[in-house]
Amino acid sequence: MLGVLLAIFFAALVFVLVSIIKFKLHPFLALLLGGLLMGILAGMPLDKTAAAMAAGFGGTMQGIGIIIVLGVALGTLLHVSGCTSQIAALLLRVTGTQNTPMAIALTGYIVSIPVFFDAAFVILVNLVKTLSRQGRVPFATLVTALAVGLITTHAMVIPTPGPIAVAATMGVNIGWFLFYAIIASLAGVLVGGVIYGKYLGTREEYKNDFANAFDDELSEEEEREKSVETKKLPSGELGIFLIFFPIVIILTGTVAGMFLEKGTAAHMFFTFIGDKNIALLLGLFMGFFCLRDYLTDSFNDLVNEACTQSGIILAITGAGGAFGKIINETGIGKQLVEGMTGLTDGTGALILVAAFIISQVLRAAQGSTTVALVTTAAIFAPVVTGLEGVSPLLAALAICAGGIGLSLPNDSGFWVVNRFGKFDVPGTMRVWTVGGTISGVTALIVVLILSMFTTSLPGLL
């Protein structure tokens, strides 16, 4: 049964890719048809297939719909006020052109600790466009650095949901888990985000692309700045404050919620403002309050423009969620778990590699990093507990590393990068899928190196 489901999954995936790349079918339609094909060939009842498609779309909108619209609105506000270009100029002065990819990667790495990938990418992508144009750094290089920095943290560093669930299931010390997760994840970001991103920037198709797909909007910004030479532009420091304002609110709400007693007014208040949707809404109004003197259009016009830009992105990411939901409803995740339990036989490094592989395969099949991490941790927790000399902490890190890469079109994050970066599907796979996979493998290598010192390094046993 597992072999049949895998064959159907790959057939549906190939259908989606070929229909988009070869036959130029719109991704929204290709993803919906691919999901229906997956459900029908897997033997799902037609009514359940249709219901799963709607539920997957709706579930994705519940998770990221408001975030995307608010994030685009905040990005538009920073963009049209001239704030984004000022942030870019500030970063270029501080880091220099050569170090821009590292600066962007570390920014993504830090921002993704309190903020989910989709929201963080939407907030920061306009900055990447401007940095690419002003610093003459290939756009693909900077997007790779940003995206890999974001997803690596999302999969490995607490307090994001996946790593927290893994640490709790594996019963490891949170402090030591965070310490070693930072070591492994930073190595992954350096190799998969910065070094690989710079390599992409040397390729013929990318080396002269300085956000060229955004020529119209960036040229408008440049013309606007020239036409208001006598007008004072907002400072780069103000722009950085506005980007981090909702991030700090989310982080404050998360930390306060951990220490305050549940049910109290204070706990409810901090939980409320720490919600990603509320924090971004507050961030948008803070942005308007601080930048209102630098705007030529009305606030309503900017929000209307953001809603218009968000429409196609919401449609495609929602369709990706529908595709992923149908895949999950076929039971392929459960079949994979049952079919690969033999990989858990072994000791030492083999267990770590097995944990990585199962997590990676589940990530590819289901499209969700968090689901892959939670499922794999549930498999390995009882196995690792009974094995002498195997570090549960390192096994947990191997599981998290497996959730970074192999993002395919059934992952909404794939389409966020695709649409906001204006890449084609092969370009998205080079920038996003390959970069993330390199990061995950690098993190695994670090974990394997640490396993050679299990008895001598603190906190591993």
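The values are calculated or read from the model by the stated rules, or taken from the named source; none is laboratory data. This is a predicted model, so every value here is computed, not measured. Backbone-built Cβ (ideal geometry, glycine too); neighbour counts: all protein chains shown. Ligands, DNA and RNA are excluded from the accessible area calculation, which covers all protein heavy atoms including side chains. Shrake-Rupley method; radii C 1.70, N 1.55, O 1.52, S 1.80 Å.
Here's the yes/no breakdown for (1) open to solvent by less than 10 Å² (accessible area, probe 1.4 Å); (2) at pLDDT 80 or above; (3) charged (D, E, K, R); (4) within 13 Å of the chain's Cα centre (by Cα):
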site	(1), (2), (3), (4)
A105	yes, yes, no, yes
K129	no, yes, yes, no
Q134	no, yes, no, no
L146	yes, yes, no, yes
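For the stretch 1-51, a residue qualifies if it is open to solvent by less than 70 Å² (accessible area, probe 1.4 Å) and not in a helix (DSSP H, G or I), and the qualifying residues are L25, A42, G43, M44, P45.
Of all the residues in the stretch 399-413, those that are crowded, with 24+ Cβ neighbours inside 10 Å and either modelled with pLDDT under 90 or closer than 25 Å to K24 by Cβ (or both) number 7.
Quickly run through the stretch 258-270 and pick out the residues that are open to solvent by less than 70 Å² (accessible area, probe 1.4 Å) and either in contact (Cβ under 8 Å) with a residue 12 or more places away in the chain or assigned to a helix (DSSP H, G or I) (or both).
Across the stretch 258-270, the qualifying residues are A266, H267, F270.
So M61 clears everything in (1) closer than 30 Å to T254 by Cα; (2) buried (at least 22 other Cβ atoms within 10 Å of the Cβ) except one condition, right? Which one? Just one mismatch for M61, condition (2). Candidates are the residues of the stretch 421-431 that are part of a helix (DSSP H, G or I) and either open to solvent by 10 Å² or more (accessible area, probe 1.4 Å) or not hydroxyl-bearing (S, T, Y) (or both); the one that is nearest to Q62 (Cα to Cα) is G421.
Okay, residues lined up against (1) hydroxyl-bearing (S, T, Y); (2) closer than 30 Å to E205 by Cα; (3) assigned to a loop (DSSP other than H, G, I, E, B):
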| position | (1), (2), (3) |
| --- | --- |
| L394 | no, no, no |
| P409 | no, yes, yes |
| R419 | no, yes, no |
| V434 | no, yes, no |
| S439 | yes, yes, no |
| I449 | no, no, no |
| T455 | yes, no, yes |
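Across the stretch 74-101, the number of residues qualifying as buried (at least 17 other Cβ atoms within 10 Å of the Cβ), at pLDDT below 80 and not in a helix (DSSP H, G or I) comes to 1.
For the stretch 271-287, a residue qualifies if it is open to solvent by 60 Å² or more (accessible area, probe 1.4 Å) and modelled with pLDDT of 90 or more, and the qualifying residues are F272, L281, L282, F285.
Could we say that T152 is open to solvent by 10 Å² or more (accessible area, probe 1.4 Å), of a type outside the set (G, A, S) and either at pLDDT 80 or above or touching a Pro at 6+ places or on another chain (Cβ under 9 Å) (or both) here? In short, no. If the condition is being under 19 Å from L106 (Cα atoms) and buried (at least 23 other Cβ atoms within 10 Å of the Cβ), then the stretch 434-459 contributes G435, G436, S439, G440, T442, A443.
Scan the stretch 179-212 residue by residue and report those that are part of a helix (DSSP H, G or I) and either open to solvent by 60 Å² or more (accessible area, probe 1.4 Å) or of a type in the set (K, R) (or both). Even if it seems obvious, please write down each step before you answer.
Taking the stretch 179-212 first, the residues part of a helix (DSSP H, G or I) are 179-202, 212.
Matches in the stretch 179-212: F179, I182, I183, L186, L190, I195, K198, Y199, T202, N212.
If you take the residues of the stretch 370-398 that are buried (at least 22 other Cβ atoms within 10 Å of the Cβ) and under 17 Å from the mean Cα position of the chain (by Cα), which of them is nearest to T455 (Cα to Cα)? Ranking the candidates gives L373 first. Taken as a whole, the condition of being of a type in the set (F, W, Y) and open to solvent by 20 Å² or more (accessible area, probe 1.4 Å) does not apply to F139. Beta carbons closer than 8 Å, at least 6 apart along the sequence or on distinct chains, pair a first residue in the stretch 1-15 that is over 14 Å from V361 (Cα atoms) with a second that is modelled with pLDDT of 85 or more and open to solvent by 70 Å² or more (accessible area, probe 1.4 Å) for I8/L41; A11/L41; A12/L41; F15/L33.
A search for C-beta distances below 9 Å between a residue of the stretch 90-103 that is under 14 Å from I240 (Cα atoms) and any residue that is acidic (D, E) and open to solvent by 40 Å² or more (accessible area, probe 1.4 Å), counting only pairs 6+ apart in sequence or on different chains, returns L90/E237.
Per the listing G389, G405, the residue uniquely outside any helix (DSSP H, G or I) and on the phi > 0 side of the Ramachandran plot is G389.
Taking the options V122, V137, name whichever one is more than 30 Å from L461 (Cα to Cα) and not in a helix (DSSP H, G or I). Before you say what the answer is, go through the steps one by one.
Values: V122 fails: not in a helix (DSSP H, G or I).
Every option except V137 fails the conditions.
Given the structure, is S298 more than 25 Å from the chain's Cα centre (by Cα), at pLDDT 75 or above, polar (S, T, N, Q) and crowded, with 23+ Cβ neighbours inside 10 Å? Before you say what the answer is, go through the steps one by one.
Details: more than 25 Å from the chain's Cα centre (by Cα): yes; at pLDDT 75 or above: yes; polar (S, T, N, Q): yes; crowded, with 23+ Cβ neighbours inside 10 Å: no.
Answer is no for this residue.
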